[in-house]
Amino acid sequence: MRVHPAALFGFDDLLTDEEREIRQVVRQLCDRELRPNVARWFEESHIPARELARQFGSIGVLGMHLDGYGCAGLGAVAYGLACLEMEAADSGLRSLVSVQGSLAMYAIRAFGSEDQKQQWLPGMAAGEHIGCFGLTEPDFGSDPAGMRTTAKRDGADWVLDGTKMWITNGSVADIAVVWARTDDGVRGFLVPAGTRGYSTRDIGHKFSLRASVTSELILDGVRLPAEAMLPEARGLSGPLRCLDEARFGIVFGAMGAALDCLETTIAYAGEREVFAKPLSAYQLTQEKLADMALELGKGLLLALHLGRRKEAGTLVSEQVSAGKLNNVREALDIARKCRTILGASGITLEYPVIRHAANLESVLTYEGTSEIHTLVLGRALTGIPAFR
Amino acid sequence: MNIVVLVKQVPDSGAERNLRTDDNTVDRGSASNVINEMDEYAIEEALRIQEAHGGEVTILTMGPSGAAESIRKALSMGPDKAVHVVDDALHGSCALATSKVLAAALGTLNADLVLCGAESTDGRVQVLPHMLAERLGVAALTGARKLTIDGSALTIERQTDEGYEVVTAQTPAVVSVWDTINEPRYPSFKGIMAAKKKPVQALSLGDLGVAPSEVGLDGASSAVVEHSKRPPRSGGQKVTDEGEGGVKLVEFLATEKFV
């Protein structure tokens, strides 16, 4: 009789029936549609993004935590659990959902005009339209205030120039939320695919997040009407709020990748015989498994705690940083440790472990690097910012 | 069209299942209980008919109070309402008694079409749709891999080992379906939330006018009297190829009725 790592902590007892049902639907979709294919997608570095978006949209996972405009309006924990299940399949597939729901859709929902919301959100919720979020630039990741992309007034129009880098969903997006410097500070713009002067280029030769589209956005004199601007976002606080949303999903998501590694490894170690007994019967293996289960359980409970705070409206940015820093770091550590138990098998795509480990290398530095989140905590603890 | 879909809660066939040691009935307490897989196809078919022809879809379940979870899951796929026949006296009912209770419940529902899975993964007797149709005095179109509706005319392709048969009937009728008929949808998140507000009517044996003595273990026409665990897998049989390995393999497959 084996106890599931999450059951060690009685995790499921802390969820509502509705949250468990939602998790079950996402898990079922992942088991049937994603898991049989994801290793191949990863190997080929190609995903059927449109088809996936429609499937995700059909159950309602895209923008599920937003209200109205075709979105389900669910709580933060339900959203977190969906991220967890998606990332247990693959971080890249979870990234598609995060960027769509928590970056692109959230930006439109929070900062868009009524027309913009009605034009884009229902289609994005259904997965008919894919969105991306252009903040990071080639030379400005952790320091978005330095961005070089500009939006200049020309009569009533705006003209955008610049380059955005490492943009998830970039080349498959129908609509890009692009942040640019104006005389009035940083403002957000909706750039539909096909707009003259707007183009994308995929970033190849990735060894991580291969089941995810990563692109460069090129804005070369892109002319947009006045109503393309997101009216309610002024300054960097707009995009930073979006990033807090996406980071919250990662706090749960990373534990999904870790859980998938640990489940795989426990099963493997129970079957794999070494010196005529299962690998899992050795004390060194058990110590690894116990240590990993501890970190997994702590990470799950932390994620859930942050989720409940978010639902209560008491979650603050430093707490999201604490969750993201801890859970991604520990998930990566778990993935690497699982790899050692799988031995040589652990480096093949026959098992998900090396894929998760490779993916988590990206998750560690995107949506705020570990270093930045560490400094956020440092600032909170000392009152002294040490970023620069 | 007024459609009733029969939904049974069963122990997950993908997990370990047991019979109870005290009365040899299915052990639901220790099992992970789910909607009988084939019933999901019946729900999907009902929803597609509703989308094309309008009408109402009602879930009908007979089972213990824990079956409410499966009813809610069924409703989250899209049906309008549910009826749950729940009564402690039903525990251990045989197929004959089940068909009696369900027929009584259907008597209150005025269905044009009763859809159900062709079998349940726990009992696997496949007789219920026939019994039910007989009790209701309506046609039984069983084992469908395809169902088409033209007014009150129903046509199915009945799946057989050799191919299929085309069978027709008029409504009202009972139609049982195999998993070849469609691909069930996933419940949507909105569906999950909406399901909580959909009406679920609970009916007891008293409500249906069925005497407790006619159902349950005591009223069962058949019952499991003894059971034992399947013996552990043996080492298998090794065929050494001494020039006639192929023949031996074919003989083995033929004996075991694989070919």
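The values are calculated or read from the model by the stated rules, or taken from the named source; none is laboratory data. In this text the structure is predicted, and so the values were computed from the model without any measurement. Every residue, glycine as well, gets a Cβ built from its backbone with ideal geometry; the counts of neighbours run over all protein chains shown. Accessible surface is based on the protein model in full, side chains and every heavy atom, while ligands, DNA and RNA are left aside. Shrake-Rupley method; radii C 1.70, N 1.55, O 1.52, S 1.80 Å.
Provide the solvent-accessible area of B:Asp27, counting protein heavy atoms only and rolling a 1.4 Å probe, rounded to the nearest 10 Å².
40
According to a simple spin-label model (label point 7 Å from Cα along Cα-to-Cβ), what is the distance in nm between A:Thr163 and B:Asn2?
The answer from the label model is 6.9 nm.
How big, on average over all directions, is the shadow cast by the Cα convex hull of chain A, in nm²?
Directional mean of the projected Cα hull area for chain A stands at 19.3 nm².
Per residue, how big is the convex hull around the C-alpha atoms of segment B:171-240? Give it to me in cubic angstrom, could you?
358
Which semi-axes, in whole Å and largest first, does the equivalent ellipsoid of segment A:281-337 have when worked out from the alpha carbon gyration tensor as the square roots of 5 times its eigenvalues?
28, 11, 5
Tell me, what ³J(HN,Hα) does each residue in segment A:285-290 have, in order and in whole Hz, if you take phi through Karplus 6.51 cos²θ - 1.76 cosθ + 1.60 with θ = phi - 60° and put x for Gly and Pro?
Each residue of segment A:285-290 in turn: 5, 4, 4, 4, 5, 5 Hz.
List the lysines whose alpha-carbon lies under 18 Å from that of B:Lys248, not counting same-chain residues fewer than 8 positions away?
Within reach: B:Lys238, B:Lys257.
HN-Hα J couplings of segment B:117-130 from phi, Karplus 6.51/-1.76/1.60, θ = phi - 60°, integer Hz, Gly and Pro as x?
x, 6, 7, 9, 7, 9, x, 6, 8, 6, 9, 4, x, 5
On a 0 to 90 degree scale, rounded to 10, what angle separates helix A:114-125 from the longest Cα axis of chain A?
30
Hey, what's segment B:149-259 come to in accessible area per residue, 1.4 Å probe, Å²?
On a per-residue basis, segment B:149-259 sits at 71 Å².
Tell me which lysines have Cα within less than 28 Å of B:Lys100's Cα, excluding those fewer than 8 residues away on the same chain?
Straight-distance partners of B:Lys100: B:Lys8, B:Lys73, B:Lys81, B:Lys146, B:Lys198.
What lysines could a cross-link reach from A:Lys337, if we take a straight Cα to Cα line under 18 Å and drop same-chain neighbours fewer than 8 places away?
By straight Cα distance, A:Lys337 reaches A:Lys288, A:Lys298.
Taking amide H positions as placed in the peptide plane 1.01 Å from N, state which residues far from A:Leu236 in sequence (5 or more) or on other chains have amide H under 5 Å from it.
Long-range HN contacts for A:Leu236: A:Val186.
Name the shape class, rounded, prolate or oblate, that the alpha-carbon gyration tensor gives for segment A:5-125, where a ≥ b ≥ c are the square roots of its eigenvalues, rounded holds for a/c under 1.5, and otherwise prolate holds if a/b is larger than b/c and oblate otherwise.
oblate
Which parts of segment B:180-214, residue by residue, lose 50 Å² or more of accessible area when the rest of the protein chains are there, as against the chain isolated (1.4 Å probe)?
Buried by the other chains: B:Tyr186, B:Phe189, B:Lys190, B:Ile192, B:Met193.
When Lys and Arg each count +1 and Asp and Glu each count -1, what net charge do the other residues less than 11 Å away from A:Val77, Cβ to Cβ, add up to?
+2
Which shape class applies to segment A:237-382: rounded if a/c is under 1.5, otherwise prolate when a/b exceeds b/c and oblate if not, where a ≥ b ≥ c are the square roots of the Cα gyration tensor eigenvalues?
Here segment A:237-382 falls in the prolate category.
How far is helix A:35-44 tilted off the main Cα axis of chain A, in degrees rounded to 10, range 0 to 90?
The helix A:35-44 is inclined about 60 degrees to chain A.
What is the local net charge at A:Met255, summed over the other residues whose Cβ is closer than 9 Å to its Cβ (Lys, Arg +1; Asp, Glu -1)?
Surrounding charge for A:Met255 is -2.
Provide, for q = 0.10, 0.12, 0.16, 0.19 Å⁻¹, the log10 of I(q)/I(0) from a solvent-free Debye sum over equal Cα point scatterers in segment A:194-297.
-0.59, -0.72, -0.96, -1.12
Heads up, I need the accessible area for A:Phe387: 1.4 angstrom probe, whole protein in place, Å², nearest 10.
Accessible area of A:Phe387: about 80 Å².
As I understand it, the value is the acute angle between the Cα axis of helix A:76-89 and the longest principal axis of the Cα atoms of chain A; what does it come to in degrees, rounded to 10?
Tilt of helix A:76-89: around 70 degrees.
Measuring from the lowest to the highest alpha carbon on each principal axis, how far does segment A:84-170 reach, largest first, in angstroms?
That works out to 46, 33, 18 Å along the principal axes.
Taking amide H positions as placed in the peptide plane 1.01 Å from N, state which residues far from B:Leu154 in sequence (5 or more) or on other chains have amide H under 5 Å from it.
Hits under the 5 Å cutoff: B:Ala169, B:Gln170, B:Thr171.
Would you work out which of B:Val26, B:Gly55, B:Val7 lies farthest towards the positive end of the dipole of segment B:7-61? Charges go on Cβ: Lys and Arg +1, Asp and Glu -1.
So the residue we want is B:Val26.
Going out from 0 in 10 Å bins, what whole percent of all Cα-Cα distances in segment B:2-214 drops into each bin?
8, 36, 38, 16, 1, 0
To the nearest 20 Debye, how big is the dipole of segment A:237-382 about its Cα centre, given +1 on the beta carbon of each Lys and Arg and -1 on that of each Asp and Glu?
220
Scan around B:Val26 for amide H atoms under 5 Å from its own, H built in the peptide plane at 1.01 Å from N, and keep only partners 5 or more places away or cross-chain.
Here the answer is B:Arg20, since their amide H atoms fall under 5 Å of that of B:Val26.
Return the inverse of the average 1/r over all pairs of distinct C-alpha atoms in the protein assembly as shown, which is the Kirkwood hydrodynamic radius, in Å to one decimal.
This gives a value of 27.8 Å.
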